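Some notes on the structure that comes next.
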There are 2 protein chains.
Amino acid sequence: MATRAAVAWEPNKPLVIEDVQVAPPQAGEVRIQILYSALCHTDAYTWSGKDPEGLFPCILGHEAAGIVESVGEGVTEVQPGDHVIPCYQAECRECKFCKSGKTNLCGKVRSATGAGVMMADRKSRFSVNGKPIYHFMGTSTFSQYTVVHDVSVAKIDPKAPLDKVCLLGCGVPTGLGAVWNTAKVESGSIVAVFGLGTVGLAVAEGAKAAGASRIIGIDIDSKKKCCINLFVRPYPVADLFSSRATLAILMEIAKDFGVTEFVNPKDHDKPIQQVLVDQTDGGVDYSFECIGNVSVMRAALECCHKGWGTSVIVGVAASGQEVCTRPFQLVTGRVWKGTAFGGFKSRSQVPWLVEKYMKKEIKVDEYITHNLTLAEINKAFDLMHEGGCLRCVLNMHA
Amino acid sequence: MATRAAVAWEPNKPLVIEDVQVAPPQAGEVRIQILYSALCHTDAYTWSGKDPEGLFPCILGHEAAGIVESVGEGVTEVQPGDHVIPCYQAECRECKFCKSGKTNLCGKVRSATGAGVMMADRKSRFSVNGKPIYHFMGTSTFSQYTVVHDVSVAKIDPKAPLDKVCLLGCGVPTGLGAVWNTAKVESGSIVAVFGLGTVGLAVAEGAKAAGASRIIGIDIDSKKKCCINLFVRPYPVADLFSSRATLAILMEIAKDFGVTEFVNPKDHDKPIQQVLVDQTDGGVDYSFECIGNVSVMRAALECCHKGWGTSVIVGVAASGQEVCTRPFQLVTGRVWKGTAFGGFKSRSQVPWLVEKYMKKEIKVDEYITHNLTLAEINKAFDLMHEGGCLRCVLNMHA
């Protein structure tokens with residue numbers, strides 16, 4: 001079938017809306033009409049050309065929601081008309097990862113999704129004038145229609161608003177799950193969140209739900225603008241130009257998500273880890289790095305309390321970068337971990353997250369600062385690069 | 001009182017057996033007649049002058065057993081005549097560390113033991129001709145009599161042989177506890193142990209007891225000599241000069257402790273982490289670094305299985321050195337931890353370890369390769385530096 005999609009022909013060049021041929025799903029595959037897709041920093045990272053595994057031309061996008069259009073042979077868990085969220089982290093329930101019970105990192109289709117193709121024939125289902133276009137993260141949701149493996153499709157409640165729950169395909173679950181699944185934050189804990197973008201705010205939300213006693217948000221000025229857009233309406237526009245006022249506004253917004261205190265590293269001469277250790281009688285119980293900066297990852301570990309502090313790396317660092325610390329930090333009881341998709345098993349737990357949203361137990365709407373269309377996708381990326389949004393949702397058929 | 005002790009007057013100069021005055025115990029202190037003391041690499045590290053917190057002159061030693069000689073005011077848990085193991089890791093049962101239940105790193109007397117003095121008056125109890133001699137690790141067991149804080153004394157079964165259970169003051173519990181308390185190795189796990197000295201062999205022993213299915217010992221040639229001394233008698237001396245034979249002997253010895261396979265990194269061109277990943281279908285479930293080498297710490301993390309592999313740093317690295325890895329290693333599910341005294345709560349659990357030894361549930365005798373006297377202490381350190389022993393136990397009153 002023919003459809004419209006944003007094609008990244010080359011690294012770092014504007015995406016081009018093209019007429020794309022989308023082949024029918026083969027055995028074990030599902031073709032989905034994508035209705036809404038949000039933008040995430042991982043899309044921007046690969047698009048930038050800095051991702052050594054990035055393949056071009058490709059169709060980016062991995063945080064979306066849609067409706068099943070058709071299914072290939074042997075697909076039993078979904079059928080045309082089902083509302084679904086495509087999941088870049090598959091869940092086959094059969095591989096040693098799925099069976100272990102210790103991880104969500106299913107390995108079933110990884111070799112194909114990493115290579116930008118489908119498992120069945122190691123080929124792409126996308127083409128433009130006969131030229132194959134690579135898949136991305138096994139999802140490629142910047143297309144009105146996409147083809148994914150059946151192990152990558154979460155069937156959700158058809159009553160859920162797809163323009164909102166598309167966010168449950170990546171950023172929000174990553175933050176919530178980092179707290180609930182990876183760190184397992186207990187009631188009464190002191191938590192530090194580095195980076196107050198979507199993922200960081202979702203960490204704060206998750207920590208609040210877990211009963212944390214203090215949630216310390218850490219961010220630098222440049223990020224303030226991002227959050228300020230969120231609830232800009234209640235504040236006089238003039239206030240946005242006053243640095244003192246913007247800090248106050250950021251704090252108000254972050255508090256809605258659970259942040260109880262705000263620390264700007266630029267306000268201190270000491271390293272941020274020392275500032276936090278001093279403010280928490282020895283360190284925090286849990287810290288989360290939600291930026292992807294290896295220096296901040298080190299600070300996040302080192303602000304943890306001796307004896308039990310646990311630090312979780314959530315952000316994705318640029319290729320080739322390394323994290324370092326003195327081993328003494330670990331020998332004296334700190335634990336260093338990481339998380340991918342918040343440790344959630346995608347097909348099993350994304351529908352559960354949708355249910356929690358429907359019961360108003362988790363926020364989703366609050367992370368959406370902008371609504372644009374597929375045709376405006378380059379403008380949406382500009383907004384992200386300026387730090388001018390949290391999540392921007394594209395209406396794929398407007 | 002006057003006694004004999006080995007004094008380290010200066011870094012890296014031979015220890016001198018001196019007539020030392022040992023002051024009476026003050027409130028909350030215990031004076032112990034040390035009967036046996038073993039040597040550990042941490043003593044050698046501080047003695048070398050490379051430990052930036054090392055203080056001179058001092059009396060080293062921290063792996064020992066003895067009998068309480070006298071107690072200061074307010075000491076209720078031990079009395080003269082009790083058999084005890086002095087513990088460099090205190091356990092006060094009152095501080096926030098002890099109360100947390102998550103760590104054994106009691107903080108009660110740390111500020112004093114780190115400064116080489118006693119809490120009560122921030123002074124030493126040792127002197128030579130009126131010149132104060134610093135304490136070491138709150139134990140200073142290379143003395144026929146020493147003074148320690150009451151929170152650092154584990155009372156043990158008086159029937160236990162002190163020339164053996166002195167080892168339960170450091171190395172053996174560190175290895176066992178790294179497996180049982182810090183990693184919590186499950187039955188069926190694949191375990192890698194880097195460095196087959198006393199601590200590494202104790203890790204293997206602990207992993208065997210935990211039901212590990214494979215225990216892979218990793219060491220380089222230079223360490224073979226160390227282990228070969230252990231059970232040298234069953235083998236013809238000529239065999240010790242044949243490299244092929246020594247490897248076979250090392251494997252036999254390591255197997256007694258639970259090691260099921262042996263890998264010598266020098267036999268491979270690939271990095272050792274890749275060798276292990278290839279030999280274990282994706283990596284080990286648990287790894288332990290028992291050397292104190294930051295490159296090996298990295299290898300130990302990176303040989304762990306994606307999704308759940310946990311690596312525990314047990315060795316003590318030299319001051320200023322750092323561990324590094326790509327954050328991707330953590331984001332894809334590996335966990336980096338460390339352990340001190342194997343996570344055992346000293347006063348509560350050292351007596352329990354002594355009981356396990358008495359019931360023949362853990363090895364101790366098997367780690368002792370040499371028995372010397374206090375007067376021979378410099379010879380004992382030479383043996384250690386040559387890799388010529390596992391544990392050497394000094395008879396302090398011979």
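The values are calculated or read from the model by the stated rules, or taken from the named source; none is laboratory data. This one's a predicted model, so the numbers in the text were calculated from it and none came from an experiment. Counting neighbours? That spans all protein chains shown, and the Cβs are built from the backbone with ideal geometry, glycine included. With ligands, DNA and RNA removed, areas are computed over all heavy atoms of the protein, side chains included. Shrake-Rupley method; radii C 1.70, N 1.55, O 1.52, S 1.80 Å.
I'd like the distance separating the alpha-carbon centroids of segment B:317-388 and segment A:338-398, in whole Å.
49
Of all accessible surface on chain A at a 1.4 Å probe, what whole percent is carbon and sulfur?
Looking at chain A in its full context, I get 51 percent from C and S.
Compute the FRET efficiency between B:S295 and A:N129 as 1/(1 + (r/R0)^6), taking r as their Cβ-Cβ distance and R0 = 51 Å, and round to the nearest 0.05.
0.50
Along Cα-to-Cβ, 7 Å out, sits the label point; list in nm, shortest first, how far the one on B:R122 is from those in the other copies.
7.1
Could you pull the copy-to-copy label distances for B:S111, with points set 7 Å along Cα to Cβ, in nm to one decimal and sorted shortest first?
The answer, with the shortest distance listed first, is 6.0 nm.
Any idea what angle helix B:346-358 forms with the longest principal axis of chain B, computed on alpha-carbon atoms, 0 to 90 degrees, nearest 10?
Taking the Cα atoms of chain B, the angle to B:346-358 is about 70 degrees.
Can you list the copy-to-copy distances for A:E322, using a point 7 angstrom from Cα toward Cβ, in nanometres, shortest first?
Label point to label point, same position, other copies: 1.0 nm.
Quick check on segment B:1-129: take the gyration tensor over C-alpha atoms, sort the square-rooted eigenvalues as a ≥ b ≥ c, and tell me if it's rounded (a/c under 1.5), prolate or oblate.
oblate
How much FRET efficiency would the formula 1/(1 + (r/R0)^6) give for A:D382 and A:K102, where r is the Cβ-Cβ distance and R0 is 41 Å, rounded to 0.05?
Details: r = 41 Å, r/R0 = 0.99.
It comes to 0.50.
Tell me the label-point distance for the pair B:N395, A:K356, using the 7 Å Cα-to-Cβ offset, in nm and rounded to one decimal.
It works out to 6.6 nm between the two label points.
Nearest-5 percent of antiparallel DSSP beta bridges in chain B?
55
Using DSSP loop states and a limit of at most 16 other Cβ atoms within 10 Å to flag chymotrypsin sites (Phe, Trp or Tyr not before Pro), what is the longest stretch of chain A containing no flagged site?
Longest site-free region, per DSSP loop and neighbour criteria: A:10-230.
A plus B alone minus the pair: what accessible area, both sides summed, probe 1.4 Å, in Å² to 100?
Chain pair A/B: roughly 3100 Å² of buried accessible area.
Cut-off under 23 Å on the C-alpha distance; same-chain residues fewer than 8 positions from A:K13 excluded. Which lysines are left, in chain and number order?
A:K50, A:K131, A:K379
List the residues of segment B:93-134 for which accessible area in the full set of protein chains is at least 30 Å² lower than for the chain on its own; 1.4 Å probe, protein heavy atoms only.
Residues meeting the cut-off: B:K96, B:F97, B:K102, B:L105.
Give me a single rounded figure for A:308-321: the average over its residues of other chain Cβ atoms within 10 Å of their Cβ.
3
Projecting each Cα onto the charge dipole of segment B:24-129 (Lys/Arg +1, Asp/Glu -1 at the beta carbon, about the Cα centre), which of B:G61, B:Y36, B:H83 comes out farthest on the positive side?
Checking the options against the dipole of segment B:24-129, the answer is B:G61.
Hey, in the GNM for chain A with a 10 angstrom Cα cutoff, which one of A:T373, A:T339, A:T310 fluctuates hardest?
Of A:T373, A:T339, A:T310, the most mobile in the Gaussian network model is A:T373.
Using only atoms on other chains, find how many Cβ atoms lie within 10 Å of each Cβ of peptide A:337-349 and report the average.
For this peptide, the per-residue mean of nearby foreign Cβ atoms is 2.
Taking a label point 7 Å from the Cα of A:T373 along the Cα→Cβ vector, which residues of segment A:142-165 have an amide N closer than 15 Å to it?
So the set is A:144.
Averaged over peptide A:284-295, how many Cβ atoms belonging to another chain are found within 10 Å of each residue's Cβ?
1
Subtract the Cα-Cα distance of A:D19 and A:A44 from 0.36 nm times their separation in residues, and report this length gain in nm to one decimal.
Taking 0.36 nm per residue and subtracting the Cα distance, the gain is 6.8 nm.
With each run of n ≥ 4 DSSP H residues scored as -39500 (n - 2.57), what mean residue ellipticity at 222 nm is computed for chain B after dividing by its residue count and rounding to the nearest 500 deg cm²/dmol?
-7000 deg cm²/dmol
For a quick check: with amide H placed at 1.01 Å from N, whose amide H comes under 5 Å from B:I133's, ignoring anything fewer than 5 positions away on the same chain?
Under 5 Å from the amide H of B:I133: B:F126, B:S127, B:V128.
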